[in-house]
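Student: My questions will all concern the structure given below.
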Amino acid sequence: MNKYDKNLKDIKLKDLFFVILYGGLTSILLGLIIGFLDYYITSLINFSFMMLLFFFSAQFVGNLVRKQYIRPHIVYTIITGLFLVLQVVIILGVKFALLALPGNIMVIFNVNLYFYYVYMFFYSLVTHFSFDYLLMLLVIVVGIYVGIRRTY
């Protein structure tokens, strides 16, 4: 028997609603908090705890989403994975937005800036290969995997 169900008929709307609510809301809020926190920590001590904080927040989101349903389903796991990817984009985007325009805090609500940052991240990963980018991508993928693994 599989650990999770793949039949779409077994999705409970109540469970799906709470998975989206808790997974989405906590991912967005934790992304904003970690982004701001990392920006200010980096400006004070010139060291980033962003990936470590993301790793722990991904486990927290995975545990929180797992408590929202009784029977695991593959759709709940996929939705959690998408929200964790969104959380990483928000964390990195907030830091990039605050570094790009330090005087204007309202720039974090500009969605185009997040897309631009993701594009520039992968563009610089391909054109200017660096082990820093590769290590960051590895930590992101492992963090998302651990968060998804906690949901089933």
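Student: Give Leu13, Leu21, Leu8 a once-over and let me know the one that is in contact with a helix residue (DSSP H, G or I) (Cβ under 8 Å, 6 or more places away or on another chain), more than 30 Å from Ala100 (Cβ to Cβ), surrounded by fewer than 15 Cβ atoms within 10 Å (Cβ to Cβ) and not small (Gly, Ala, Ser).
Tutor: The conditions single out Leu8.
Student: Could I ask something else about it? Can you list the helices (runs of 4 or more DSSP H) lying wholly within segment 52-152 that have 3 or more residues being touching a Phe, Trp or Tyr at 6+ places or on another chain (Cβ under 8 Å) and β-branched (Val, Ile, Thr)?
Tutor: 74-100, 131-149
Student: Return the total of residues in segment 129-138 being touching a helix residue (DSSP H, G or I) at 6+ places or on another chain (Cβ under 9 Å) and either exposed (fewer than 15 other Cβ atoms within 10 Å of the Cβ) or free of Cβ contacts under 8 Å to residues at least 40 places away in the same chain (or both).
Tutor: The qualifying residues number 5.
Student: Which of (1) within 26 Å of Ile91 (Cα to Cα); (2) crowded, with 20+ Cβ neighbours inside 10 Å is the odd one out, the single condition His73 does not satisfy?
Tutor: Every listed condition holds for His73 apart from (1).
Student: Here is a follow-up. Scanning for something closer than 18 Å to Val85 by Cβ, among the polar types (S, T, N, Q) and either in contact with a helix residue (DSSP H, G or I) (Cβ under 8 Å, 6 or more places away or on another chain) or crowded, with 16+ Cβ neighbours inside 10 Å (or both), does segment 49-59 turn up at least one residue?
Tutor: yes
Student: Out of Val141, Val126, Val118, I need the residue that is surrounded by fewer than 17 Cβ atoms within 10 Å (Cβ to Cβ), closer than 22 Å to Tyr39 by Cα and either without any contact (Cβ under 8 Å) to a residue 12 or more places away in the chain or in contact with a His (Cβ under 8 Å, 6 or more places away or on another chain) (or both). Which one?
Tutor: Only one candidate passes the filter, namely Val141.
Yes/no matrix, rows are residues, columns are (1) touching a residue at least 24 places away in the same chain (Cβ under 8 Å); (2) within 24 Å of Ile140 (Cβ to Cβ); (3) of a type in the set (Asp, Glu); (4) in contact with a Pro (Cβ under 8 Å, 6 or more places away or on another chain):
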{"residue": "Phe18", "(1), (2), (3), (4)": "yes, no, no, no"}
{"residue": "Leu29", "(1), (2), (3), (4)": "no, yes, no, no"}
{"residue": "Ser43", "(1), (2), (3), (4)": "no, yes, no, no"}
{"residue": "Phe55", "(1), (2), (3), (4)": "yes, yes, no, no"}
{"residue": "Ile74", "(1), (2), (3), (4)": "yes, yes, no, no"}
{"residue": "Leu84", "(1), (2), (3), (4)": "yes, yes, no, no"}
{"residue": "Val111", "(1), (2), (3), (4)": "no, yes, no, no"}
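Student: Continuing with the same structure: Could you check Asn63 against (1) under 19 Å from the mean Cα position of the chain (by Cα); (2) surrounded by fewer than 17 Cβ atoms within 10 Å (Cβ to Cβ); (3) under 19 Å from Ile90 (Cα atoms) and say which number it fails?
Tutor: Result: Asn63 fails condition (3) only.
Bear in mind that the values in this text are calculations on the coordinates, not laboratory data. Keep in mind that what you see is a predicted model, and the values were worked out from it rather than measured. As a convention, Cβ positions derive from the backbone with ideal geometry for all residues, glycine included, and neighbour counts pool all protein chains shown.
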